[in-house]
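Enquirer: Below is the structure I would like to discuss, written out as structure tokens.
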Ligand SMILES: O=c1nc[nH]c2c1ncn2[C@H]1C[C@H](O)[C@@H](COP(=O)(O)OP(=O)(O)OP(=O)(O)O)O1
Ligand SMILES: [Mg+2]
């Protein structure tokens, strides 16, 4: 089996990468499998820049092919916020509930669904020893819900209504999410690029 490192400590991402890549014959390992894994600072101004930073740092540290994911939510009414700050929107403690409550608070006076448009964005970077880093982008369009609903997924999934389904991402099964998500769209492009 082809081993691939996913440069993340996010359990939700790891679950999704395993579901998407293991059927294709990849053996997925993540930073959760290393006790000594390094922390890469996300100092980039874009998802792509941050994905490159994470992929190259981990590929250089472990000398193995590495994919990194930098992703988040862009809300049009908030001029693209929280964007690259999605994980730390309500503070450096990086709490999913606090983050989504901050979004709901900021949109609390906006009741027209057409004014609550948003998208999930996922940038993936792949870095292999001795090769140029490659990047791809995937998106998923939708709306910010007025209150959270659904138990699946992670992060902002309970408040993100997927346009294609008119249900929150957290109400979809993992199979449904993995068919339409920003991460799935980006990974499809990445697999085309590396095969
Ligand atoms: O499918 C998703 N469903 C819901 N929320 C999501 C999704 N995808 C990203 N998100 C949110 C979670 C976090 O607030 C931010 C990612 O931040 P991001 O820095 O890329 O990930 P992270 O810090 O959790 O883990 P790591 O950097 O180790 O990969 O966007
Ligand atoms: Mg992060």
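Nothing in this text is a laboratory measurement; each read-out follows from the coordinates by a stated rule. Every value quoted in this text rests on a predicted model; they were computed, and no experiment measured them. Please note: Cβ atoms are built from the backbone with ideal geometry, for glycine as well, and neighbour counts cover all protein chains shown.
Enquirer: Could you work out the helix-only [θ] at 222 nm for the chain, with each DSSP H run of four or more residues adding -39,500 (n - 2.57) and the total divided by the number of residues, to the nearest 500 deg cm²/dmol?
Expert: Helix-only estimate at 222 nm: -9000 deg cm²/dmol.
Enquirer: Moving to a separate point now. Which FRET efficiency value, to the nearest 0.05, do you get for residue 77 and residue 2 by plugging their Cβ-Cβ distance into 1/(1 + (r/R0)^6) with R0 = 45 Å?
Expert: 0.60
Enquirer: Testing the spin-label approximation: label points 7 Å from Cα along Cα→Cβ at residue 164 and residue 95. State their distance in nm.
Expert: Those two pseudo-labels are separated by 3.3 nm.
Enquirer: While we're on this one: Among 43, 109, 135, which one moves the most in a GNM of the chain with springs linking Cα atoms closer than 10 Å?
Expert: 109
Enquirer: Which of these, 15, 119, 183, has the largest mean-square fluctuation under a Gaussian network model of the chain (Cα springs below 10 Å)?
Expert: Top of the fluctuation ranking is 15.
Enquirer: Moving on to the next point. In a GNM of the chain with a 10 Å cut-off on Cα contacts, which of 83, 72, 12 has the highest mean-square fluctuation?
Expert: Result for the chain, Cα springs under 10 Å: 12 fluctuates most.
Enquirer: Compute the helix-to-body angle for 47-62: its Cα long axis versus the longest principal axis of the chain, expressed 0 to 90° and rounded to tens.
Expert: Between helix and principal axis, roughly 30 degrees.
Enquirer: Let me ask you something else. Could you give the length gained on full extension between residue 45 and residue 24, defined as 0.36 nm per residue of separation minus the Cα-Cα distance, in nm?
Expert: 4.3 nm
Enquirer: If I histogram all Cα-Cα distances within the chain using bins 10 Å wide from 0, what percent of pairs lands in each bin?
Expert: Whole-percent P(r) values from 0 Å outward: 9, 37, 36, 15, 3, 0.
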